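Read the structure below first, then the notes.
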Amino acid sequence: MEDYSKLKAIAGRLRRHIINMVAAANSGHPGGSLSAAEIITALYFKLMNVDVAQPRWPERDIFVLSKGHATPVYYAALAERGFFSPEELTSFRAVNSRLQGHPDREKTPGVDMTTGSLGQGLSAANGMALGAKLDGQHQRWIYVLLGDGELQEGQVWEAAMTAAHYALDNVIAFVDWNGLQIDGEVSRVMNVACIKDKFAAFNWHVQEINGHDFGEIFAAVERAKEAKGRPSVIIARTIKGKGVSFMENQAGWHGKAPGQEQALQALKELEVE
Amino acid sequence: MATATRDAYGKALAELGAENQDVVVLDADLSGSTKTAAFAKEFPQRFFNVGIAESDLIGTAAGLAASGKIPFASTFAVFAAGRAYDQIRASVAYPNLNVKIAATHAGLTVGEDGATHQMNEDIALMRALPNMTVVVPADGVEAAAATRAVARHRGPVYLRLGRPAVPDIHDESYVFDLLKAPVLREGEDVALFACGYMVHVTLEAADMLAEQGVSAAVINVHTVKPLDTDTVCRYARRCRRVVTAEEHSIIGGLGGAIAEVLAEEVPAPMVRIGVRDTFGESGKPAALLEKYGLTAKAVFAGAMKLMP
Ligand SMILES: Cc1ncc(C[n+]2csc(CCOP(=O)(O)OP(=O)(O)O)c2C)c(N)n1
Ligand SMILES: [Mg+2]
């Protein structure tokens, strides 16, 4: 067994940033940020080939946060990775900030694609994957993170067809399968099951993992990279609000800021972890 | 000679493809009609058909632009500006990505396909978007020149193209300047501003006005955004009377853009010729233009209404 204690510590730091950012802004999306902390940590602290000194380095790996509301975890990772100072995280969602409510590739160093209107990120990722192939860059990986509720958007399936049709094996998509969206359980609002079968039917390479387990994330990405001629999707079972007892599995914490006491309580729980 | 602006676009695009390896083209199952098929045939590696999926068309183009390509994305105007408006807004205009949306079959002259296919609101929609440039060529020569110009321009562009052949009004010596509205005819009594299909119609109207002793200036406003406000204001000041003509709703298009500028800068009596807040219908293009008042006669009558 490999020791992931360093990465676990980073994921813990990201979670604390999430709470602090959303509490300071009194606005933002903690639930879907907390559920993605391990996936984002794995990407920015192990998997992705990026250069913080040149955010637009043409040979970098790319990440598209298609579920753009999860900016707290994204900015926390970019800051901890060194694209900008963690001190800047306090400006999240404030006027004149580089850290917009949803990702803005023009404003934030390290952000590869502007998102926020759900359903559009996979199309953009495909475009970048096509671009990389045209340039003969077969070692560049294009990662994208989708929400499970987001899969209800028709454009996701248009893009799923495009990725398979053009054999975009440089695309690796994660689905943050936390089972919740704004109005409640995904299965009740508009059931997207069976997600695996759907992607398989679209001719994708499909895996299901525990999205909070670094070992499973890395093994899945390795297999995804070996799947030639097909795009890959990693359906990551997660817990929305993961790490904060009163937020876990609560749809109400999708886009709500904790009050001062709640924030302190959350930070205390995350410290212990 | 008469050429459809979409034909000229398709031809120019294929030529561009040979000159610039960064030019890539996307279509959504309409490459025969949008005329991107010529590029597809010559450069299959740089042509991507996404199928009948306009949202994905725009999103994929955005990704290609983000990786340094110059994507031209084509489909009918109604499916680009209409169906994929939010994709254009969120994935192209807001991130200021270098995507060229070349939309064909704009306006009433689509003809028999009827109202679902006749896009009369696209200039208004695209003009309202920050970062967007909106170009409406008047003939084949201008469409070819505009295709090259927008490829050179950095930033999102909406290039509005038509289905039917239109008479050539420019010759091969024509130099296209994205930021300058060319004056096709000088005049003193009324300024006629037109774009796209209505430019040659407006020239006819100017002839009819001349026969009545009215001296009409004709300005081809090929770029509705950014608007050449210098030329617009200068001619409004000189002629004191203004007519606009477009194959588009009178709401929010060329007439709207010019009214906005003149109301603040050079208030002048004005008549807008265009589709009058209604949907189109099936019919031959000529019959529709007649029925919806997009004729030389209508432009003429509009100008005469302003004369003392
Ligand atoms: C096109 C669009 N429609 C609606 C919204 C509003 N919205 C923001 S987040 C969200 C729910 C997302 O749920 P899911 O994809 O499951 O994300 P997660 O649970 O990971 O937060 C909605 C409806 C949006 N951002 N974009
Ligand atoms: Mg969810």
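For this structure, a couple of remarks:
- Test: residue in the stretch B:102-125 that is open to solvent by 10 Å² or more (accessible area, probe 1.4 Å), assigned to a helix (DSSP H, G or I) and within 9 Å of chain A (Cβ to nearest Cβ): no
- Sole exception among (1) open to solvent by 40 Å² or more (accessible area, probe 1.4 Å); (2) in contact with a Phe, Trp or Tyr (Cβ under 6 Å, 6 or more places away or on another chain); (3) not charged (D, E, K, R) for B:TYR197, by number: (2)
- The set of residues from the stretch A:113-122 being surrounded by 24 or more Cβ atoms within 10 Å (Cβ to Cβ) and either assigned to a helix (DSSP H, G or I) or among the hydroxyl-bearing types (Ser, Thr, Tyr) (or both) comprises A:THR114, A:THR115, A:GLY121, A:LEU122.
- Residue in the stretch A:216-234 that is closer than 21 Å to A:THR71 by Cα and either surrounded by 15 or more Cβ atoms within 10 Å (Cβ to Cβ) or away from ligand 2 (no atom under 16 Å from the Cβ) (or both) present: yes
- Residue that is surrounded by the most Cβ atoms within 10 Å (Cβ to Cβ), among those in the stretch B:156-175 that are small (Gly, Ala, Ser) and part of a loop (DSSP other than H, G, I, E, B): B:GLY162
- Residue selected from the stretch B:176-194 under the condition under 17 Å from the mean Cα position of the chain (by Cα) and touching a residue at least 60 places away in the same chain (Cβ under 8 Å), by the criterion surrounded by the most Cβ atoms within 10 Å (Cβ to Cβ): B:LEU192
- Subset of the stretch A:138-156 that is more than 17 Å from A:ILE172 (Cβ to Cβ) and at the interface with chain B (Cβ under 9 Å from one of its Cβ atoms) - its residue that is nearest to ligand 1 (Cβ to nearest atom): A:GLU153
- Residue that is farthest from A:GLY68 (Cα to Cα), among those in the stretch A:85-106 that are facing chain B (nearest Cβ under 10 Å) and more than 16 Å from ligand 1 (Cβ to nearest atom): A:GLU106
- Of the helices (runs of 4 or more DSSP H) entirely within the stretch B:1-79, none holds at least 2 residues that are modelled with pLDDT under 95.
- Residue in the stretch A:236-249 that is closer than 26 Å to A:MET161 by Cα, out of contact with any Cys (no Cβ under 6 Å at 6 or more places or on another chain) and open to solvent by less than 20 Å² (accessible area, probe 1.4 Å) present: yes
- Scanning the stretch B:40-57 for residues that are farther than 21 Å from B:LEU161 by Cα, open to solvent by 40 Å² or more (accessible area, probe 1.4 Å) and within 13 Å of chain A (Cβ to nearest Cβ) returns B:PRO44, B:GLN45.
- Some residue of the stretch B:26-39 being within 22 Å of B:GLY155 (Cβ to Cβ), within 14 Å of chain A (Cβ to nearest Cβ) and open to solvent by less than 10 Å² (accessible area, probe 1.4 Å): yes
- Within the stretch A:64-101, the set of residues being more than 18 Å from the chain's Cα centre (by Cα) and of a type in the set (Asp, Glu) comprises A:GLU87, A:GLU88.
- If only residues of the stretch A:29-70 that are within 14 Å of chain B (Cβ to nearest Cβ) and among the β-branched types (Val, Ile, Thr) are counted, the one that is farthest from ligand 1 (Cβ to nearest atom) is A:ILE62.
- Test: residue in the stretch A:107-120 that is more than 11 Å from chain B (Cβ to nearest Cβ) and either within 16 Å of ligand 2 (Cβ to nearest atom) or under 15 Å from the mean Cα position of the chain (by Cα) (or both): yes
- Selection status of A:GLU261, away from ligand 1 (no atom under 16 Å from the Cβ) and either more than 26 Å from A:GLN137 (Cβ to Cβ) or among the acidic types (Asp, Glu) (or both): yes
- Residues of the stretch A:63-88 that are hydroxyl-bearing (Ser, Thr, Tyr) and open to solvent by less than 10 Å² (accessible area, probe 1.4 Å): A:SER66, A:THR71, A:TYR74, A:TYR75.
- A:GLY119 vs. criteria at positive phi and free of Cβ contacts under 8 Å to residues at least 40 places away in the same chain: no
Each row is one residue, and each column tells you yes or no for (1) in a loop (DSSP other than H, G, I, E, B); (2) of a type outside the set (Val, Ile, Thr); (3) within 16 Å of ligand 2 (Cβ to nearest atom).
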position: A:ALA163; (1), (2), (3): no, yes, no
position: A:PHE174; (1), (2), (3): no, yes, yes
position: A:ASP197; (1), (2), (3): no, yes, no
position: A:LYS240; (1), (2), (3): yes, yes, yes
position: A:ASN249; (1), (2), (3): yes, yes, yes
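- Boolean, A:THR162 is in contact (Cβ under 8 Å) with a residue 24 or more places away in the chain, facing chain B (nearest Cβ under 7 Å), hydroxyl-bearing (Ser, Thr, Tyr) and open to solvent by less than 10 Å² (accessible area, probe 1.4 Å): yes
- Matching residues, the stretch A:123-149, being in a helix (DSSP H, G or I), open to solvent by less than 10 Å² (accessible area, probe 1.4 Å) and not aliphatic (A, V, I, L, M): A:SER123, A:ASN126, A:GLY127, A:GLY131
The values are calculated or read from the model by the stated rules, or taken from the named source; none is laboratory data. Since the structure is predicted, the reported quantities are computational estimates derived from the model, not experimental observations. Every residue, glycine as well, gets a Cβ built from its backbone with ideal geometry; the counts of neighbours run over all protein chains shown. What goes into the accessible areas is simple: the full protein's heavy atoms, side chains included, and nothing from ligands, DNA or RNA. Shrake-Rupley method; radii C 1.70, N 1.55, O 1.52, S 1.80 Å.
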